[in-house]
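S.K.: Dumping the structure here so I can ask a few things about it.
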Amino acid sequence: MKFFVDTADVEELRSLVETGFVDGVTTNPTLIARSGRDFEATIAEICSFVAGPVSAEVTALDLDGMLAEGRHLAKIAPNVTIKVPLTVDGLKACRSLTQEGTSVNVTLCFSAAQALLAAKAGATFISPFIGRLDDVGETGRNLIQEIVEIYRNYPEFETQILAASIRHPLHVVEMARMGADVATIPPKILRQLYDHPLTDKGIEMFLSDWKKTGQKILSK
Ligand code: E4P
């Protein structure tokens, strides 16, 4: 399972890349706004130190606009993935950009039918938003389950399932259990994956007992 980081915070990303767990990055207009930085400069900087796919989202809603923006953003770096919304024009843009050799992430997916269309349009990634479904009283994990099942039936589909809108570590575990190809994880949640209170308690106990021995590993 690949881990992407869902952020446009370049400094945060640099420190996470050092852990060796970052396989790619996703951004969206909200994350760019939160960073307070220039969109294209931010994507270029991220691509300079992240080797995997870096998603940059178009904001046009019509086909010609999405294609123009997508082609423009794709020139920033070879690992830019163009993010388009799951609409009729978004899927047309997905098909064209894919045929041109550009990687495409179809975003804002909330149903299995939408995921089926994205695979048929040749998307590189489909992004089902599980947290936002949970927020409205639906079960995001069920959507992933359905998409995994559907894609498994059709080996010709090459679209990777990129679980998005991850809200807590359990979401990541559930996605891994169901076989999602990628989870895009907010920095805070990626850091939480390390945590367990019994790990901290265990370290504390071992160190206190070790002190009693009076020994040092590098003393000889
Ligand atoms: C995915 O690519 C999106 O940027 C993201 O996961 C959205 O998450 P949110 O629902 O927390 O905004």
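What follows is calculated from the coordinates using simple rules that are stated; it is not laboratory data. It should be emphasised that the depicted structure is a prediction, and the values quoted were computed from it without experimental measurement. Cβ placement follows ideal geometry from the backbone for every residue including glycine, while neighbour counts extend to all protein chains displayed.
S.K.: What are the residues whose amide H is under 5 Å from the amide H of GLY24, where those residues sit 5 or more places off or on another chain and H is modelled from the backbone?
M.R.: So GLY24 has HN proximity to VAL5.
S.K.: Follow-up question, since we're still on this one. Which of the chymotrypsin sites (Phe, Trp or Tyr not before Pro) across segment 154-210 are loop residues per DSSP, with 14 or fewer other Cβ within 10 Å?
M.R.: Details: sites: PHE157, TYR194, PHE206, TRP210; in loops: PHE157, TYR194.
Filter output for segment 154-210: TYR194.
S.K.: Of ILE185, MET175, SER219, which is farthest towards the positive pole of segment 167-220's charge dipole, taken about the Cα centre with +1 and -1 on the beta-carbons of Lys, Arg and Asp, Glu respectively?
M.R.: SER219
S.K.: Any idea what Rg and Dmax come out to for the chain if you just take the C-alpha atoms, in Å?
M.R.: 20.1, 73
S.K.: Summing Lys, Arg as +1 and Asp, Glu as -1, what charge do residues with Cβ under 15 Å from the Cβ of ILE203 carry, ILE203 excluded? Write out the running numbers ahead of the final one.
M.R.: On the way: positive: LYS201, LYS211; negative: ASP195, ASP200, GLU204, ASP209.
Taking every other residue near ILE203 into account, the sum is -2.
S.K.: Quick one: MET178, MET205, fewest Cβ neighbours within 10 Å first, how do they rank?
M.R.: Working: MET178 17, MET205 10.
Fewest-to-most ranking of MET178, MET205: MET205, MET178.
S.K.: Of ASP195, ASP23, ASP181, which has the largest mean-square fluctuation in a 10 Å C-alpha GNM of the chain?
M.R.: The residue that fluctuates most here is ASP195.
S.K.: Additional query: State the dimensionless ratio Rg/Rh of segment 1-109 (Rg: radius of gyration of Cα atoms; Rh: Kirkwood radius). Each step should come with its number before you reach the end.
M.R.: Details: Rg = 13.3 Å, Rh = 13.9 Å.
Over the Cα atoms of segment 1-109, Rg/Rh equals 0.96.
S.K.: Roughly how many debye, to the nearest 20, is the charge dipole of segment 104-149 about its Cα centre, given +1 on each Lys and Arg Cβ, -1 on each Asp and Glu Cβ, and no other charges? Write down the numbers at each step before the final one.
M.R.: Values: 3 positive and 5 negative charges, 36 e Å.
Computed about the Cα centre, the dipole is about 180 debye.
S.K.: Under 10 Å, Cα contacts only: if you run a Gaussian network model on the chain, which one of ALA41, ALA118, ALA163 comes out with the highest mean-square fluctuation?
M.R.: ALA41
S.K.: If you rank VAL88, VAL106, VAL173 by fewest surrounding Cβ atoms within 10 Å, what's the result?
M.R.: Fewest-to-most ranking of VAL88, VAL106, VAL173: VAL88, VAL173, VAL106.
S.K.: Express in whole angstrom the spacing between the alpha-carbon centres of segment 122-144 and segment 16-34.
M.R.: 19
S.K.: Compute the separation of the alpha-carbon centres of segment 61-111 and segment 183-199 and state it in Å as a whole number.
M.R.: About 31 Å separates the Cα centre of segment 61-111 from the one of segment 183-199.
S.K.: What's the magnitude of the charge dipole for the chain around its Cα centre, counting Lys and Arg as +1 and Asp and Glu as -1 at the beta-carbon? Answer in Debye, nearest 20. Before the final figure, lay out the partial values.
M.R.: On the way: 22 positive and 28 negative charges, 156 e Å.
That gives the chain a dipole magnitude of about 760 debye.
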